[in-house]
Each structure stands twice: as C-alpha cells, then as structure tokens.
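Structure first, then comments.
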Amino acid sequence: MSPHGPTFDFSVDLSAHEMLRRTHVMAALGPDWDPAAALRGEEEARALLYSGLDAEQQRIYDELVAAGVLPAGSGDAAA
C-alpha cells in the first residue's frame, strides 16, 4: 500500500476519440487531397530552402545532417 492510500489501475481507452479525430482530419483535407503531390511539394520546398548555401552554411548544414539533427535529402551525399 502506498503512503497516500490504496492504489488502483486507471486506464482510458481513446480509440474511439482517435477515430473521430482522424475523420475530422480527413474531412478538413477534402476529397481532392493528394498525399503524393503534398510529399513532392514538401521535397521541392526543402530543396529550395537548402539551395544556394555559401561554403560556411553548407559546412554547418552538412554537420547537422551528419549529427542527425536534419534529415539527409535525396540529393545529399550523406543520404
């Protein structure tokens, strides 16, 4: 027995809430949402974000990728 009184098992099943949440997310995305196009857009944005780095920025970027802080891009030598 705990010094704070008897212990008991406490659990909450959130599976019904999770299904409702997923339903709302899919409704918000709409019927025209294309996950492959969204992923391509994210990859293009990432490539643009890290393009045109000067030598020092590239060195820091490479260190961050090597340390696992940033994910390696498909065009990175570390990938």
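Brief remarks follow.
- Counting only protein heavy atoms and using a 1.4 Å probe, the accessible area of ASP62 comes to about 80 Å².
- Seen against the Cα atoms of the chain and their longest principal axis, helix 15-29 is set at about 40 degrees.
- The fraction of accessible area contributed by carbon and sulfur in the chain is 61 percent, rounded to a whole number (1.4 Å probe; ligands and nucleic acids excluded).
- Accessible solvent surface per residue of the chain, calculated while the other protein chains remain in place, 1.4 angstrom probe, Å²: 87 Å²
- Relative to the longest principal axis of the Cα atoms of the chain, the long axis of helix 35-49 lies at roughly 50 degrees.
- Under 12 Å, Cβ to Cβ, from ALA36 - net charge with Lys/Arg +1 and Asp/Glu -1: -2
- Computed lengthening from TRP33 to MET19, 0.36 nm per intervening residue step minus Cα-Cα distance: 3.1 nm
- Rounded to the nearest 20, the Cβ-based charge dipole of the chain about its Cα centre (Lys and Arg +1, Asp and Glu -1) stands at 240 debye.
The values are calculated or read from the model by the stated rules, or taken from the named source; none is laboratory data. No experiment lies behind these values; they were computed from the predicted model shown. Cβ coordinates were reconstructed from backbone atoms using ideal geometry, including for glycine residues, and neighbour counts include every protein chain displayed. Please note that ligands, DNA and RNA were not included when accessible areas were found on the heavy atoms of the full protein model with its side chains. Shrake-Rupley method; radii C 1.70, N 1.55, O 1.52, S 1.80 Å.
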